[in-house]
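The values are calculated or read from the model by the stated rules, or taken from the named source; none is laboratory data. Only a predicted model underlies this, so the values are computations on that prediction, with no experimental measurement involved. Cβ sites come from the backbone with ideal geometry, for glycine too, and all protein chains shown count toward neighbours.
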Amino acid sequence: MNADRDDLISVRGKTLEVESLIRKIAMDYSPAAFASSFGVEDMLLTDIILGTNAPIEIFSIDTGRLPRETHDLIAKAQTRYGVRIKVYFPRCELIEAYVLENGINAFYDTVELRETCCRIRKVEPLRRALIGKKAWITGLRAEQSRTRGLLRIEDFDEDNGLKKFNPLLNWTEKEVWAYIREKRVPYNALHDRFYPSIGCAPCTRSVTVGEDARSGRWWWEDSTNRECGLHVKGI
Ligand code: SF4
């Protein structure tokens, strides 16, 4: 996706706004944390947060089913920025019980089993990661789906009981890529293979022209809900 001059001008303006919001979050809601899944938006936010030197923890959740390319990017990001990113894993006894009872790939069988898998591999580690925090930050964009279009830049996460900020909500995909290319920020190799949204390997496929960004996630399910319960109440 090529950036034109207007994109670069709007990106610079929006970058200043995000930097200012990040500083405000660090000042007013410490301790705050940024949840990165290492998608392209999250790499952009990582670059901005670390550039501001704001004391905001960056963490990620390794579900145990991530693609190799995501692990490669975590390693690359740690080298590029010289920081250790805190990685939370699911509780192994929950995974062992789920697999024993339902099977290793049971998430394909029913919506309920898929939701349970997301709950124990993603939502439960997220809850632990947010304990003691006053705010958390995401890289969600309104354009990504109808449900995300209903979010706000500054919000309150009722489930976890803390402030939630979505600083990139109004960024376009073109603007995100303009920033990434201009600053040479590392990104997941799967994005170059038509994976606009990347989650767990067995639940993510590439998309074709005209499909929306989230259509490669849980593609075998009803297309109106492509969420795992981390951000939008899908489950
Ligand atoms: S995305 Fe798939 S493998 Fe990952 S937690 Fe959800 S159901 Fe399980």
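Suppose we filter the range 66-94 for residues that are basic (Lys, Arg), surrounded by 15 or more Cβ atoms within 10 Å (Cβ to Cβ) and farther than 24 Å from residue 136 by Cα; how many remain?
If we filter the range 66-94 for residues that are basic (Lys, Arg), which is where we start, we get 68, 76, 80, 84, 86, 91.
Now drop any that are not surrounded by 15 or more Cβ atoms within 10 Å (Cβ to Cβ), which leaves 76, 80.
Within this subset, residues satisfying the condition of being farther than 24 Å from residue 136 by Cα are none.
Total meeting the criteria: 0.
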In the range 95-109, anything in contact (Cβ under 8 Å) with a residue 24 or more places away in the chain and surrounded by fewer than 16 Cβ atoms within 10 Å (Cβ to Cβ) is listed as 105, 108
Looking at (1) in contact with a Gly (Cβ under 9 Å, 6 or more places away or on another chain); (2) surrounded by fewer than 21 Cβ atoms within 10 Å (Cβ to Cβ), which is the only condition residue 170 fails? (1)
Regarding residue 187, is this residue surrounded by 16 or more Cβ atoms within 10 Å (Cβ to Cβ), in contact with a Ser or Thr (Cβ under 9 Å, 6 or more places away or on another chain) and either acidic (Asp, Glu) or at pLDDT 95 or above (or both)? no
Given (1) more than 15 Å from the chain's Cα centre (by Cα); (2) more than 15 Å from the ligand (Cβ to nearest atom); (3) of a type in the set (D, E, K, R); (4) within 25 Å of residue 136 (Cα to Cα), identify the lone condition not met by residue 47. (1)
Between residues in the range 63-81 that are among the hydroxyl-bearing types (Ser, Thr, Tyr) and residues that are away from the ligand (no atom under 16 Å from the Cβ), which pairs lie under 6 Å by C-beta distance while being six or more apart or on different chains? 81/50
Which condition number does residue 126 fail, the rest of (1) of a type in the set (A, V, I, L, M, F, W, C); (2) assigned to a loop (DSSP other than H, G, I, E, B); (3) within 16 Å of the ligand (Cβ to nearest atom); (4) out of contact with any Gly (no Cβ under 7 Å at 6 or more places or on another chain) being met? (2)
Selected residue (only one of 185, 123, 207 is in contact with a Cys (Cβ under 8 Å, 6 or more places away or on another chain) and farther than 18 Å from residue 22 by Cα): 123
Could you grab me the full set of residues in the range 150-197 that are touching a strand residue (DSSP E or B) at 6+ places or on another chain (Cβ under 6 Å) and assigned to a loop (DSSP other than H, G, I, E, B)? 197
So which residues in the range 207-235 are modelled with pLDDT of 85 or more, in contact with a helix residue (DSSP H, G or I) (Cβ under 8 Å, 6 or more places away or on another chain) and surrounded by 15 or more Cβ atoms within 10 Å (Cβ to Cβ)? 217, 218, 221
